[in-house]
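One structure below.
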Amino acid sequence: MNRAPATAKLNLALVVGPLRDDGRHEVVTVLQRIDLADRVAIEPAPALQVDGFPDDTIVRAALERLAEAANAEPRWRAQIWKHVPVAGGLGGGSSDAATALRLANETLPEPLPPERLHDLAAEFGADVPFFLTSGPQLGTGTGTELEPLELPQDYWVLLLLPQHERKPSTASVYAEFDRRNGAEGFEERRARLHEALAVVKRPTDLATLPQNDLAASPHAERLLELGAFRADVSGAGPAVYGLFLHRAQAVSAERELRPLGGTWITVPTWYG
């Protein structure tokens with residue numbers, strides 16, 4: 001049985017632009033893995049089977065697509081151990097799918113090359129190809145065109161998943177973005193993001209990245225009050241993150257925020 005962690009991610013920045021000709025939005029996003037992870041295992045089986053997470057659809061669909069692309073039968077058993085909050089904007093499902101694709105591909109007599117696996121992963125969402133890479137990445141286009149970034153990794157992350165808040169569908173989040181003409185000023189925001197990235201050397205430099213275009217939360221302001229040098233919503237939310245220079249600060253903030261929902265203290269990580 002092949003097994004590996006399927007890490008969560010943060011959008012350290014998410015700048016969203018207008019609709020493209022393909023019906024998707026232009027985005028520029030800074031993607032960072034964190035050391036909060038599901039675990040995924042793959043082994044040969046008589047037929048495709050996905051255990052451990054009854055609500056899964058993406059892992060099963062990705063494995064079926066891999067088998068089709070490889071002219072093979074989808075004869076794998078996937079086991080998922082969930083630890084990443086579901087539908088929080090942290091990419092847990094995308095990471096599960098990417099990890100399952102990578103592990104299952106390794107079992108094929110003729111594995112698909114990395115570029116083909118990337119294209120296949122992109123069929124299942126903008127975040128999935130990111131989880132086939134290592135290290136922070138700049139995502140452009142629909143978010144699937146990736147470029148490695150050198151970003152500081154020496155800080156602590158406090159996650160808050162506010163109680164009773166549920167993630168709306170991605171389609172509805174983008175529809176609301178369009179209704180409020182969110183794409184206006186995209187070129188300027190994109191330029192500011194690139195300018196900020198060019199001078200990032202220390203963790204606190206990440207504070208200059210533009211805020212999330214899709215979602216905002218009053219909890220981000222509270223995290224800043226509690227000592228975070230940057231706080232924002234990840235993806236379409238509702239998970240909110242705060243970045244701290246010292247673990248003691250994160251622990252103190254976590255105690256304050258614990259009554260508001262689920263909390264996790266973690267760190268950036270380079271690999272899945």
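The values are calculated or read from the model by the stated rules, or taken from the named source; none is laboratory data. All of these numbers come straight from a predicted model, not from anything done at the bench. We place every Cβ from the backbone using ideal geometry, glycine too, and count neighbours over all the protein chains shown. In case anyone asks, the SASA skips ligands and DNA or RNA and just uses the protein heavy atoms, side chains included. Shrake-Rupley method; radii C 1.70, N 1.55, O 1.52, S 1.80 Å.
Do we have any residue at all in region 33-47 that's without any contact (Cβ under 8 Å) to a residue 40 or more places away in the chain and under 19 Å from Leu120 (Cα atoms)? Step through it out loud before you land on a result.
Start the filter on region 33-47 by keeping residues that are without any contact (Cβ under 8 Å) to a residue 40 or more places away in the chain, which leaves 45-47.
Next, from what is left, pick out any that are under 19 Å from Leu120 (Cα atoms): none.
Checked region 33-47: no residue is without any contact (Cβ under 8 Å) to a residue 40 or more places away in the chain and under 19 Å from Leu120 (Cα atoms).
Here Asp56 passes the criteria (1) part of a loop (DSSP other than H, G, I, E, B); (2) surrounded by fewer than 17 Cβ atoms within 10 Å (Cβ to Cβ) except the one numbered (2).
Answer yes or no as to whether Val15 is in a strand (DSSP E or B), under 21 Å from Pro136 (Cβ atoms) and either open to solvent by less than 10 Å² (accessible area, probe 1.4 Å) or polar (S, T, N, Q) (or both).
yes
Those residues that are free of Cβ contacts under 8 Å to residues at least 60 places away in the same chain and touching a Pro at 6+ places or on another chain (Cβ under 9 Å), I need them from region 95-116; list them, please.
Restricting attention to region 95-116, the residues satisfying the condition of being free of Cβ contacts under 8 Å to residues at least 60 places away in the same chain are 97, 101, 105, 108-116.
Once the filter is applied, which keeps residues that are free of Cβ contacts under 8 Å to residues at least 60 places away in the same chain and touching a Pro at 6+ places or on another chain (Cβ under 9 Å), region 95-116 yields only Asn105.
Considering region 181-272, the qualifying strands (runs of 3 or more DSSP E), each wholly inside and each with 2 or more residues that are open to solvent by 20 Å² or more (accessible area, probe 1.4 Å), run over 261-266. Within region 143-169, residues that are closer than 22 Å to Arg255 by Cα and assigned to a strand (DSSP E or B) sit with their Cβ atoms under 6 Å from residues that are open to solvent by less than 50 Å² (accessible area, probe 1.4 Å) and of a type in the set (Phe, Trp, Tyr), at 6+ positions apart or across chains, in these pairs: Trp156/Phe244; Val157/Tyr241; Leu159/Tyr241.
Per-residue answers, yes or no, for (1) open to solvent by 30 Å² or more (accessible area, probe 1.4 Å); (2) assigned to a loop (DSSP other than H, G, I, E, B); (3) out of contact with any Asp or Glu (no Cβ under 6 Å at 6 or more places or on another chain):
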{"residue": "Val28", "(1), (2), (3)": "no, no, yes"}
{"residue": "Arg39", "(1), (2), (3)": "yes, no, yes"}
{"residue": "Pro46", "(1), (2), (3)": "yes, yes, yes"}
{"residue": "Val50", "(1), (2), (3)": "no, no, no"}
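For region 103-123, the condition holds for at least one residue, the condition being that it is open to solvent by 10 Å² or more (accessible area, probe 1.4 Å), charged (D, E, K, R) and either in contact with a Lys or Arg (Cβ under 8 Å, 6 or more places away or on another chain) or outside any helix (DSSP H, G or I) (or both).
Looking across region 236-256, just one residue is acidic (Asp, Glu) and touching a residue at least 60 places away in the same chain (Cβ under 8 Å), and that is Glu254.
Among the residues of region 189-202, how many are of a type in the set (Asp, Glu) and either touching a Pro at 6+ places or on another chain (Cβ under 9 Å) or more than 23 Å from Glu150 (Cα to Cα) (or both)? Explain how you work it out, then say what you get.
Let us first name the residues in region 189-202 that are of a type in the set (Asp, Glu), namely 195.
Still in the running and either touching a Pro at 6+ places or on another chain (Cβ under 9 Å) or more than 23 Å from Glu150 (Cα to Cα) (or both): none.
Residues that pass the stated criteria total 0.
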